[in-house]
Every structure is written in C-alpha cells, then in structure tokens.
Amino acid sequence: MSIKTVGVIGAGTMGNGIAQVFAQSGFSVLLIDVAQPMLDRGRAAIERSLGKLVEKGKLSAADRDATLGRLATTTSIDRLVDADYIVEAIVEQPEAKSTLFTTLDAIARPEVILASNTSSISITRIGAATKRPDKVLGMHFMNPVPLMPLVEMIRGQLTSPESMRVASELCVTLGKTPIEAADYPGFIANRILMPMINEAIFAVMEGVGTPEAIDTVMKLGMNHPMGPLTLADFIGLDVCLAILTVLHDGLGDPKYRPCPLLSRMVAAGLLGRKSGQGFYTY
Ligand SMILES: NC(=O)c1ccc[n+]([C@@H]2O[C@H](COP(=O)([O-])OP(=O)(O)OC[C@H]3O[C@@H](n4cnc5c(N)ncnc54)[C@H](O)[C@@H]3O)[C@@H](O)[C@H]2O)c1
C-alpha cells in the first residue's frame, strides 16, 4: 500500500510538529484533537514555524502554501478511515493511549500501521489494546520535530519486521534518522535524559543552585546546548512527570522517583513554556 494520507492525533507540542513534517514532505495530513482550540493553536504554530523557514530562505513561499494546503484539522476521529498511516501524540497516560488505540483499531483499515509517539509507555501494552499488534510500533519524534533529526523507533513484542521497515523508510522520507530501541520503559532517550532532568530539579529543591546556575553549569561546563531546566520547561513539566512515573513504575528503581518539587509544580499548573511559567517565565 502506498502511503499518501497520514493521520496525526493530538495537536499539542508534538502533534503539530509531526503534522508539519509530514505535510512538508508531500503527505496529506489529517490532524485530530478532542479540543478545537488545540487544533487552532496547532495550525497557528505550524504557520509560524513555516513562516520562520521562509524568512530564513529554507522554504519557498509557494512550498509553504502547498504545505498548508495539505493540512486538514478536525475533531472527528472517524475521518481516519481515509488514513494510510497513523501517528498518535496524545497525553502520556497509559490508559488514555490504550483506549484510543482500541478506537483506532476499529476505525482504521486493517492494513494501516498505528504508530505511537509515546516517550516511555510500553508499545507492547499499547499494541495489546488492538487486534493488530503486529502493526503497532513506537515512532518517537524529538522536540521541536521540524528541527530534530532523530526518530527513536520502538519494536513491541509482536511488531512485525515489515511494519518496522515501512515506518523506518517513512522516517527517511521525512529527512529523519531512525534508531531502534527495545521496548523498555523510557526506551533509550528518556531512560537517560529524564534522570538528569529529575536530578536538576532535586538540586533546585535542595538549594544546590538556582535554575540559572544549574543550566549555566550544564551549558558551559558540559557543552549541552540547553540546560536541563530550560529543556524541562520546553518538554512540559507534566510530560516530564508522566515519563518519570512510567520509569519509576516500570523499572522499580527508587532512582527514578519523580522529584516532589516537580509533582508540586505540575499540581499547581506550572507546566513550563506551554503554561507560561515553569522554572522560568515565558
Ligand atoms: N513534549 C515533548 O517534548 C515530547 C517529546 C517527545 C515525545 N512526546 C510525547 O508526545 C505525546 C504528546 O506530548 P505533547 O507534549 O505534545 O502533549 P500536549 O499536552 O502538548 O498535547 C497533547 C494533546 O493531545 C490532546 N488529546 C488528549 N487526549 C486526546 C484524545 N483522546 N484524542 C485526541 N486528542 C487528545 C490534547 O487535547 C492535547 O492537544 C506524549 O506521549 C509525549 O510523551 C513529548
């Protein structure tokens, strides 16, 4: 089956970036969310991002217009009957993902691959919510999607080699580099990244340094392009907490225990960039 139309579910930080790169690469994209305001924000974010590429001379105005012409947004999930490939990017909650995948399994044509952008949740578990676990896999894009070259590819226990091949080739078509990881909590990227972010938050809580001092140490001392607290704000503190919870529950090691300051900030609605306030003000 040739892939022409791609469904992307969830129009938040990641979903709009994923929709953008597919549309830029010539696919028709159906971007779906439960909330119309998120779809409006998602489209506006894509327009801004494409506008910046035009300003920098990396994209022509005609290609920007063509990309936007290939993007449709809707709250009606039934439209996914037209999709040839689906990427899910909703909240990082195991139950929400399983429920959605059962619905997707009922709507999408039987041959369609269902990919999840999950940062940490078991692909095998998500696949078990469907009758096509051989066609469920992890396609973990990095934030911001239009700029980051990596896609972490996760093979569930029953994912077929053919599904992995199709998805990996799709990454290459998008100009990305696919790297395979096994189905363990947090895969490669977040198993390594999140303990560092969590430790940086413990360091704030214990008064070891201010957020600015901690970020500057990691930037100037370790040559990281962005400090861990700036990065946490960028990812979303709710997403960081959800990932750490999956790591802690799944690996059973106290070293993954989410920092109480992180839990408190999320409970207070301080989610980082997307809420306007996290370790920094936006
Ligand atoms: N934020 C990051 O840096 C990052 C990086 C890589 C992967 N991820 C993963 O991507 C996924 C999305 O993260 P995000 O940061 O974009 O989250 P987000 O909170 O910005 O957006 C989630 C969106 O999903 C929508 N949604 C929730 N339930 C839905 C449903 N049942 N059907 C349709 N839409 C629904 C919400 O309305 C919201 O617009 C998560 O699995 C996350 O772990 C996030």
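Every read-out reported here was derived from the displayed coordinates using simple, explicitly stated rules and does not represent laboratory data. What you are looking at is a predicted structure, and each value in this text was computed from that prediction instead of being measured. Backbone-built Cβ (ideal geometry, glycine too); neighbour counts: all protein chains shown.
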Worksheet item: Taking the DSSP beta bridges in the chain as the whole, what percent of them are antiparallel, to the nearest 5?
Response: 20 percent
Fill in: Eligible aspartates and glutamates near K274 by straight Cα distance, threshold 20 Å, same-chain separation 8 or greater
D33, D40, E47, E88, E92, E212, D215, D233, D238
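Using DSSP, restrict attention to beta bridges with both residues in the stretch 138-282 and report what percent are antiparallel, rounded to the nearest 5.
Rounded to the nearest five, the antiparallel share is 55 percent.
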Practice prompt. Could you tell me which of G175, H140, L158 has its Cα farthest along the dipole of the stretch 140-206 towards the positive end, charges placed at Cβ (Lys, Arg +1; Asp, Glu -1), taken about the Cα centre?
Written response: G175
Practice prompt. Order the peptides 162-172, 56-66 from the highest to the lowest mean number of other Cβ atoms within 10 Å of their residues.
Written response: 162-172, 56-66
Worksheet, complete the sentence: Over 32 Å (Cα to Cα) among K58/K135; K4/K56; K56/K255; K131/K255; K4/K131 -> K58/K135; K56/K255; K131/K255
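Contact order normalised by length for the chain, with contacts defined as Cα pairs under 8 Å and 6 or more residues apart; what percent is it?
13 percent
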Item to complete: Rounding to the nearest 20 debye, state how big the charge dipole of the chain is about its Cα centre with +1 on each Lys and Arg Cβ and -1 on each Asp and Glu Cβ.
Response: 320 debye
Practice prompt. State whether the stretch 102-195 is rounded, prolate or oblate according to the following rule on the C-alpha gyration tensor (a ≥ b ≥ c being the square roots of its eigenvalues): a/c under 1.5 gives rounded; otherwise a/b larger than b/c gives prolate, and the remaining case gives oblate.
Written response: oblate
Fill in: Signed unit charges on C-beta, dipole axis of the stretch 1-104, positive-most listed residue G51, L31, V8
G51
Fill in: Loop-resident sites, the stretch 106-162, for trypsin sites (Lys or Arg not before Pro), counting at most 13 other Cβ within 10 Å (DSSP)
K131
Response to the item:
So, relative contact order of the stretch 32-144 in percent, Cα under 8 Å, 6 or more apart, is 22 percent
Discussion item. Taking a ≥ b ≥ c as the square roots of the Cα gyration tensor eigenvalues, with a/c under 1.5 meaning rounded and otherwise prolate when a/b beats b/c, else oblate, which class fits the stretch 1-50?
Written reply: oblate
Worksheet entry | In order through the stretch 59-70: 3J(HN,Hα) via Karplus (6.51 cos²θ - 1.76 cosθ + 1.60), integer Hz, x for Gly, Pro | 9, 7, 4, 5, 5, 4, 5, 5, 4, 5, x, 8
